[in-house]
Amino acid sequence: MQASLHDSKPSLDFDDAFYDGEDNHYPHSFSSESIKVDLAANSDSWMEREENERAVSPALDSVSTLDINAGHSDTDDTQDEVDVASSQFVQISLSSSSEIVQPPEKQDEQQDSESSPTNFDIPYPNVIIDASKSPTHRVTLSTDSAQSAQSNTTATSAHDNTENYSRPPSAAGSHRSTKSLQLSSSNPPIQSPKLNVSSSAIPSATIAVAAGSSATSSEPSPQLPPPSNPAHRVTRSAGPSALERFRSKTRPSFLPPKPRTEDDKHMRDWEAMMTLSRNAAEKRRKALHERRLAREKKIEDSLSLWEKEILPDWRIVYKNPKYRKIWWRGIPTKLRATMWERAVGNPLALSKDNYRSCLSRAKRALTAGTFPAATLTLIDEDITSTLPSLHIFHHETGPLYSDLKDMLCAWVVSRSDEGLGYTFGAAKIAAMFLINMPPQQGFVVMRNLLERHCLRSFFGGDGAKADVDAYYRIFDTLLADGMPKIYFNFKQHQISPAAYLPDWLIPLFLDHLPFEACARIWDVIVLEGDSFLYRAALGILAVLEPRLFFPDRRELLELLQGVNKAAIEVAKREGAALDGGKYEIYGVDEETLWERIDGMEDWWKESTWNRLIQRELPDL
């Protein structure tokens, strides 16, 4: 045997980098003949190893076998095929493609590329699935000596058998159970949505599925424990529970948890403090209400003074600071319509029949269908949001709904001659006049009031955009002089007066302030003119100043729009009504607002207003 090894010509020589020519007596060869000799010499030891493996693990008694003589003419040294009883297995065909036979000149090239199994086009081996081995199936593979011997090359067979016998016994079983996956990975995947079960002739690559008990082993298969389900693994949550977090919500995170007794005591103390806080807030509301009632009673008690001194000649308030101060405190409700009409005047020289003529034109247009439908829709939306807490302008049950809609339609017709349309927010102004005076009188006063330059600019549409921008610059200058912190905060967040000032001036603060505060502001607006509009707007910012320093621009805009979520939640928790002025949730009331307005006497000067008007609006 040694002589045959020395005399045979090696099929593959390995050149040694340190070869010095002295080892010629030791030939290096690697071929199928040398592998067969080695197998024959060690067959007994391998058989003993296989028997030991079966004794240790009877479930691994099927061994993958490959013919190492495939492609050669020698048939005496081929290995025996796995004997599978055809009566106990059903053949399922995976492929019906023809076998590919490698040419002889390619076999030597494939021997040199053992590490590249993807270069071979290997047909599928026979895979045997034993269904009797529960819970997992035994999977083995074998090759057909008649068909796969022509398709598998000698290098592939030698490589696979050497790989099988060179592994230790602990890894041999796992290698055999996954042999079909390793071989099939080198071939392109076969898409077979439906398997055809047939008992006819079977191609070389088939899957044999055991139908009954296994015939290859008579020993019973041990029952393996079912695998554990990781989805039902018990996990322990880190940190305190939701209840503990609620109970210790005021506990700093860097401190250890409190004992339960101490936590219960602190919770009782916290509930007591909350009760005291709610009681204090209720006392403040009652005190505020009592002061407002006292203030209104004082105004009503001054009715005789108004009738004797101010009503005969209302212009006396410009000459006498005493009467002017009385006017600023508020006009008695009984005299409000008369004093508003006189203070506003009639620069348009409108007659009492002006409302009747405009209303008749509007009704004719509504009857003929020529009144703009978009304008009607806008009027209805504006009326719906007008003083919802009073419930007198509701479209179904409100007693003043029809009067308000007629007044707005007549106002649209009166502006149509100038090419102007409806401005959202006009319903608030008309509603305030309707509450205090009849529609005919309120229509005339409303038209004359909106002819004042500042309000006309905001109600003038696109044609008055330049004047509106000038009023924005005037307000910015006043804000920088009187409240520099708020001014620089707005500049840092890039918030201009255009983001909030029109929402205040167009409805004359009725959307954002309580009704009593708006009525008092209107008393002074009709007397002082446009300058008090800006003074009232600055007073609102002064009340909101502690809330205006938000780091987020979005939160700051929400606060100015009256839709701050945190303040709304606090108002709901305290049971406050949310259908009044939007700024009532911030604690803006008549008393607080007028404290800020009166506090501007130190820096507000009427001469400053006139100077800014002359600078920004020289043609006025």
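Looking at (1) surrounded by fewer than 17 Cβ atoms within 10 Å (Cβ to Cβ); (2) outside any helix (DSSP H, G or I), which one does I331 not meet, given that it meets all the others?
(1)
How many of the residues making up segment 577-597 are more than 42 Å from the chain's Cα centre (by Cα) and aromatic (F, W, Y)?
Looking only at that region, the number is 1.
Answer yes or no: is there a residue in segment 598-609 that is closer than 18 Å to A519 by Cα, under 33 Å from the mean Cα position of the chain (by Cα) and in a helix (DSSP H, G or I).
The answer is no; no qualifying residue exists.
Can you name every residue in segment 528-576 that is assigned to a loop (DSSP other than H, G, I, E, B), closer than 28 Å to D598 by Cα and under 27 Å from the mean Cα position of the chain (by Cα)?
Of segment 528-576, the ones assigned to a loop (DSSP other than H, G, I, E, B) are 529, 548-552, 562-564, 574-576.
Narrowing further to those that are closer than 28 Å to D598 by Cα: 529, 548-550, 562-564, 576.
Answer for segment 528-576, where residues must be assigned to a loop (DSSP other than H, G, I, E, B), closer than 28 Å to D598 by Cα and under 27 Å from the mean Cα position of the chain (by Cα): L548, F549, F550, G562, V563, N564.
Going residue by residue through segment 467-484, is there one that turns out to be outside any helix (DSSP H, G or I) and not basic (K, R)? Can you show your working first?
In the first step, residues of segment 467-484 are kept if they are outside any helix (DSSP H, G or I); the result is 483.
Subset that is not basic (K, R): 483.
Checking segment 467-484: at least one residue is outside any helix (DSSP H, G or I) and not basic (K, R).
Can you pull out the residues in segment 340-399 that are over 21 Å from K582 (Cα atoms) and among the polar types (S, T, N, Q)?
Residues satisfying the conditions are N346, S351, N354, S357, S360, T367, T370, T375, T377, T397.
For segment 413-425, state whether one or more residues are assigned to a helix (DSSP H, G or I) and closer than 19 Å to L510 by Cβ. Even if it seems obvious, please write down each step before you answer.
Taking segment 413-425 first, the residues assigned to a helix (DSSP H, G or I) are 413-416.
Right, trim to closer than 19 Å to L510 by Cβ and you get none.
So far as segment 413-425 goes, no, none of its residues is assigned to a helix (DSSP H, G or I) and closer than 19 Å to L510 by Cβ.
I need the full set of residues from segment 414-457 which are of a type in the set (K, R), under 20 Å from G529 (Cα atoms) and out of contact with any Pro (no Cβ under 6 Å at 6 or more places or on another chain), in order please.
In the first step, residues of segment 414-457 are kept if they are of a type in the set (K, R); the result is 415, 428, 447, 452, 456.
Retained after the next criterion (residues that are under 20 Å from G529 (Cα atoms)): 428, 447, 452, 456.
If the condition is that a residue be of a type in the set (K, R), under 20 Å from G529 (Cα atoms) and out of contact with any Pro (no Cβ under 6 Å at 6 or more places or on another chain), then R447, R452, R456 are the ones that fit.
Of the conditions (1) in the same structural domain as L544 (by TED's automatic domain parsing); (2) surrounded by 20 or more Cβ atoms within 10 Å (Cβ to Cβ); (3) among the charged types (D, E, K, R), R447 satisfies every one except a single condition; which number is it?
Failed condition: (1).
Answer yes or no: is there a residue in segment 496-516 that is part of a loop (DSSP other than H, G, I, E, B), of a type in the set (S, T, N, Q), within 40 Å of the chain's Cα centre (by Cα) and closer than 29 Å to L559 by Cβ. Steps first, please.
Of segment 496-516, the ones part of a loop (DSSP other than H, G, I, E, B) are 496, 500, 506-514.
Subset that is of a type in the set (S, T, N, Q): 496.
Filter once more, so that each one left must be within 40 Å of the chain's Cα centre (by Cα): 496.
Keeping just the survivors that are closer than 29 Å to L559 by Cβ gives 496.
Looking through segment 496-516, at least one residue is part of a loop (DSSP other than H, G, I, E, B), of a type in the set (S, T, N, Q), within 40 Å of the chain's Cα centre (by Cα) and closer than 29 Å to L559 by Cβ.
Within the bounds of segment 520-535, is there any residue that is without any contact (Cβ under 8 Å) to a residue 24 or more places away in the chain and charged (D, E, K, R)?
For segment 520-535, residues without any contact (Cβ under 8 Å) to a residue 24 or more places away in the chain and charged (D, E, K, R): present.
What are the residues in segment 385-401 that are part of a helix (DSSP H, G or I) and at pLDDT below 95, if any?
Passing the criteria: none in range.
Among the residues of segment 455-466, count how many are crowded, with 18+ Cβ neighbours inside 10 Å and in a helix (DSSP H, G or I). I'd like the intermediate steps shown before the answer.
First pass over segment 455-466, keeping only residues crowded, with 18+ Cβ neighbours inside 10 Å: 455, 457-460.
Then keep just the ones that are in a helix (DSSP H, G or I); that gives 455, 457-458.
Count: 3.
Can we say S607 is among the hydroxyl-bearing types (S, T, Y) and surrounded by fewer than 16 Cβ atoms within 10 Å (Cβ to Cβ)?
Numbers: among the hydroxyl-bearing types (S, T, Y): yes; surrounded by fewer than 16 Cβ atoms within 10 Å (Cβ to Cβ): yes.
Answer is yes for this residue.
Could you check segment 335-362 and list, in sequence order, the residues that are free of Cβ contacts under 8 Å to residues at least 12 places away in the same chain and outside any loop (DSSP other than H, G, I, E, B)?
Of everything in segment 335-362, those that are free of Cβ contacts under 8 Å to residues at least 12 places away in the same chain and outside any loop (DSSP other than H, G, I, E, B) turn out to be S357, S360.
Can you list residue pairs whose Cβ atoms sit under 8 Å apart, with the first residue in segment 592-620 being closer than 17 Å to A537 by Cα and the second being assigned to a helix (DSSP H, G or I) and charged (D, E, K, R)? Count only pairs 6 or more apart in sequence or on different chains.
Short answer, once both residue conditions are applied: W594/R520; I597/R535; M600/R535; W603/D481; W604/R535; T608/D481.
The values are calculated or read from the model by the stated rules, or taken from the named source; none is laboratory data. Remember, predicted model here, so these are calculated numbers, not experimental data. Methodologically, a virtual Cβ is constructed for each residue, glycine included, from the backbone with ideal geometry; neighbour enumeration extends over all protein chains shown.
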